[in-house]
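The values are calculated or read from the model by the stated rules, or taken from the named source; none is laboratory data. Not measured: the values here are computed from a predicted model. Ideal geometry is used to build each Cβ from the backbone, glycine not excepted, and the neighbour counts take in all protein chains shown. Surface accessibility is based on the protein's heavy atoms, side chains included, excluding ligands, DNA and RNA. Shrake-Rupley method; radii C 1.70, N 1.55, O 1.52, S 1.80 Å.
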Amino acid sequence: MVKRKRRLYSERLELVEKSREAALSAVQIYNNPTTTFKTESFLVLFIIAWVYLLHAHYRKKKIEYRYYKIVNGRKKYDRIDGAYKYWDLSKCISI
């Protein structure tokens with residue numbers, strides 16, 4: 001029987017990496033002289049970067065950052081097309 005290799009997986013580190021990538025993409029788009037829709041694209045990508053970074057922070061602090069309702073004493077997570085609904089920037093900042 002072949003033993004499988006265990007890998008360390010950190011969702012928090014993945015969220016930080018996504019945040020960094022979104023921020024770098026925002027700066028790259030803003031510095032591109034041929035792009036005409038700079039400011040709006042920069043803002044959208046930087047908001048996404050902040051959301052990822054705040055999700056990583058909440059993950060580290062073990063704070064649930066998905067929307068849910070308590071049904072019969074259990075958490076029922078809100079979903080959109082099968083995917084969990086995560087907090088947006090305004091909800092992240094207000095906590």
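The table below gives the values:
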quantity	calculated
Filter result (open to solvent by less than 100 Å² (accessible area, probe 1.4 Å) and either among the β-branched types (Val, Ile, Thr) or touching a Phe, Trp or Tyr at 6+ places or on another chain (Cβ under 9 Å) (or both)) within segment 81-93	Tyr84, Lys85, Tyr86, Trp87, Leu89, Lys91, Cys92
Given (1) within 13 Å of Glu11 (Cβ to Cβ); (2) in contact (Cβ under 8 Å) with a residue 24 or more places away in the chain, number of the condition Val51 does not satisfy	(1)
Tally of residues being closer than 12 Å to Leu15 by Cβ and open to solvent by less than 70 Å² (accessible area, probe 1.4 Å) across segment 54-78	5
Of residues in segment 16-49 being surrounded by fewer than 16 Cβ atoms within 10 Å (Cβ to Cβ) and among the hydrophobic types (A, V, I, L, M, F, W, C), the one nearest to Lys91 (Cα to Cα)	Ile47
Residue in segment 26-40 that is in contact with a helix residue (DSSP H, G or I) (Cβ under 7 Å, 6 or more places away or on another chain), under 29 Å from Tyr77 (Cβ atoms) and not aromatic (Phe, Trp, Tyr) present	no
